[in-house]
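Here the structure is laid out as structure tokens; the discussion comes afterwards.
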Amino acid sequence: MSLSSPRRLAELTWPEARDAAAAGAIALVPIGSTEAHGPHLPLATDVLLSEELARRSVLALRLAGRPSLIAPSIGYAVTEFAAPFGGTVSIRPATATALYADVCAGLQARGFDRVCLINSHLEPAHVATLKAACARVVTDGGSPVCFPDQMERRWARTLTEEFKRGACHAGRYETSLLLAARPELVRESRAALPPLAIDLARAMRAGVTDFVAAGAADAYFGDPAAATAEEGEAIYHLLVEIVLATVGELWPD
């Protein structure tokens, strides 16, 4: 296996999966949404970003002597803010919480005691379902689940200015990440998109319930035209550090 090819659970045979669990491998579960990301990014943007972060994290964990692998991705989430746009698929919070909790419990039942959720969909209601799922797993008798939450203040303050302003949905932040991961999926139309300096987080606190009402008629905020693959690489470096730090806090060995 090359250094750029982490193990993926779905590609293993069942004896290989059994042995990986017995060796204490951490199972990283990429989570995202199916929702509008401007006219220049695909609906699967959040899933793709989580998959790339999981890939990089597995390689970093390997270098740290921690076995790990990537479990199949989950591409559905609560995403009501993008509801007005074509292709967006939102699921109910109760459904999302149950789904994420059941996946974690299912992995633990097959010996993967250490499960880590890798998330790139930042809608508050979705993040709440992830936290609820982690709590449910423990309440039901399972092991604690690792959730590196980049929205935590201690982590958010290490990320880009656009991220901290709350204007990063399909903006410079996410577009840079996708340019670093899957540049062929970023439409050239992004170069003509004007910046939208709208504080989405503040709009949410004010009671706005969708992107259009917040002033984003094309389902993007921030400045996607300013995105670069180089900035995406720098952001991934920071995000991997968040994953490693959170994993180390929960499982210090």
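The values are calculated or read from the model by the stated rules, or taken from the named source; none is laboratory data. Everything quoted here is computed from the prediction, not taken from an experiment. Neighbour counts run over all protein chains shown; Cβ positions are idealised from the backbone, glycine included.
See the values below:
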| item | result |
| --- | --- |
| Test for Leu196: is it under 20 Å from the mean Cα position of the chain (by Cα), at pLDDT below 95, crowded, with 16+ Cβ neighbours inside 10 Å and farther than 30 Å from Phe112 by Cα | no |
| Candidates Gly232, Gly248, Gly207 - the one that is modelled with pLDDT under 95 and not aliphatic (A, V, I, L, M) | Gly207 |
| Every residue from segment 134-163 that is in contact (Cβ under 8 Å) with a residue 60 or more places away in the chain, surrounded by 16 or more Cβ atoms within 10 Å (Cβ to Cβ) and polar (S, T, N, Q) | Gln150, Thr160 |
| Among the residues listed as Ala94, Ala133, Ala60, the single one being at pLDDT 95 or above, under 22 Å from Glu35 (Cα atoms) and under 18 Å from the mean Cα position of the chain (by Cα) | Ala133 |
| Pairs where the first residue, in segment 212-232, is surrounded by 16 or more Cβ atoms within 10 Å (Cβ to Cβ) and the second is modelled with pLDDT under 95 and among the hydroxyl-bearing types (Ser, Thr, Tyr), C-beta under 7 Å, 6+ apart | none |
| Matching option when the condition is modelled with pLDDT of 95 or more, at positive phi and either of a type in the set (A, V, I, L, M) or in contact with a Lys or Arg (Cβ under 6 Å, 6 or more places away or on another chain) (or both), among Ala101, Ala170 | Ala170 |
| Sole residue being small (Gly, Ala, Ser), assigned to a loop (DSSP other than H, G, I, E, B) and in contact with a helix residue (DSSP H, G or I) (Cβ under 9 Å, 6 or more places away or on another chain), chosen from Gly207, Gly232, Gly215 | Gly215 |
| Check on Leu196, in contact (Cβ under 8 Å) with a residue 24 or more places away in the chain, aliphatic (A, V, I, L, M) and in contact with a helix residue (DSSP H, G or I) (Cβ under 8 Å, 6 or more places away or on another chain) | no |
